[in-house]
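The values are calculated or read from the model by the stated rules, or taken from the named source; none is laboratory data. Because the structure is a prediction, the values reported are computed rather than measured. Note that we place each Cβ from the backbone using ideal geometry, even for glycine, and neighbour counts take in every protein chain shown. Please note that ligands, DNA and RNA were not included when accessible areas were found on the heavy atoms of the full protein model with its side chains. Shrake-Rupley method; radii C 1.70, N 1.55, O 1.52, S 1.80 Å.
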Amino acid sequence: MFILLFLLWIVFNGRITGEILLLGAVICAALTFFCSRIFDARYPRLFPSPRKIRSGVLYILALLREMILCNLRVMGLILRRAEVRPRLIYFRTKLTGETARTVLANSITLTPGTITVSVEGDRFCVHALDADLAKTLEDGPLAHRLQKMEEL
């Protein structure tokens, strides 16, 4: 994080002098320290393992696929002028990590027609524009991929 912040500092300053580099190093070190304390961040490795990179890329591809499919479903609802049946759906997830649950909640919100209303532990409350849009929330491809990522 320090390196990224320091590089951004140099790029946004537009010139390099001793004072700018020293001030940037101090500010970036302080920001890295405070962010790691506030967000309880740990940096065990500089680069993730190839398996984690692969599963992350596969997750992003699965998310893009779901976004496209949900876009088509919502467009179908609009173009057919079908009756919309909004629902609040409650379900529990098998994800154990807080980060994985947060990623799932944000991914659900990113897909058209669904919004994550609340997450309390492993219990999700999702508003779906139509009942068909919420069929694959609990055991869908996104939750399945996140479970595989937690196992790594």
May I ask you to give the solvent-accessible area per residue for the chain, in square angstrom, as obtained with a 1.4 angstrom probe? 71
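Report the extension gain between Val84 and Ala29 in nm, rounded to one decimal, defined as 0.36 nm multiplied by the number of residues separating them, less their alpha carbon distance.
Stretched out fully, the Val84 to Ala29 stretch lengthens by 14.6 nm.
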How high is the FRET efficiency from Thr136 to Ser36, r the C-beta distance, R0 41 Å, rounded to 0.05? 0.65
Compute the relative contact order of segment 13-141 as a whole-number percentage, counting only Cα pairs closer than 8 Å that sit 6 or more residues apart in sequence. 22
What's the angle, to the nearest 10 degrees (0 to 90), between helix 18-38's Cα axis and the longest principal axis of the chain? 40
Correct choice for P(r) over Cα pairs in 5 Å bins from 0, in percent that was computed from the model, options (1) 2, 10, 19, 21, 16, 12, 9, 6, 3, 1, 0, 0; (2) 2, 9, 17, 22, 22, 17, 9, 3, 0, 0; (3) 2, 8, 14, 14, 13, 12, 11, 9, 8, 5, 3, 1, 0, 0: (3)
With all protein chains present, segment 6-119 has a carbon and sulfur share of its accessible area (1.4 Å probe) in percent of 67
Nearest-0.05 FRET efficiency for Ile3 and Arg65 at R0 = 30 Å, using Cβ-Cβ distance, is 0.35
Integer Hz, Karplus 6.51/-1.76/1.60 couplings in order for segment 139-152, x for Gly and Pro: 10, x, x, 5, 5, 5, 5, 5, 4, 5, 5, 5, 6, 6
Residues with amide H under 5 Å of Val117's amide H, sequence separation 5 or more or different chain, H placed in the peptide plane at 1.01 Å from N; which? Cys125, Val126, His127
Roughly what angle does helix 2-13 make with the longest principal axis of the chain, taking Cα atoms, 0 to 90 degrees, to the nearest 10? 80
Residue-ordered couplings for segment 84-91, obtained by feeding phi - 60° into the Karplus form 6.51 cos²θ - 1.76 cosθ + 1.60 and rounding to whole Hz (Gly and Pro as x), are 8, 10, x, 9, 9, 10, 10, 8
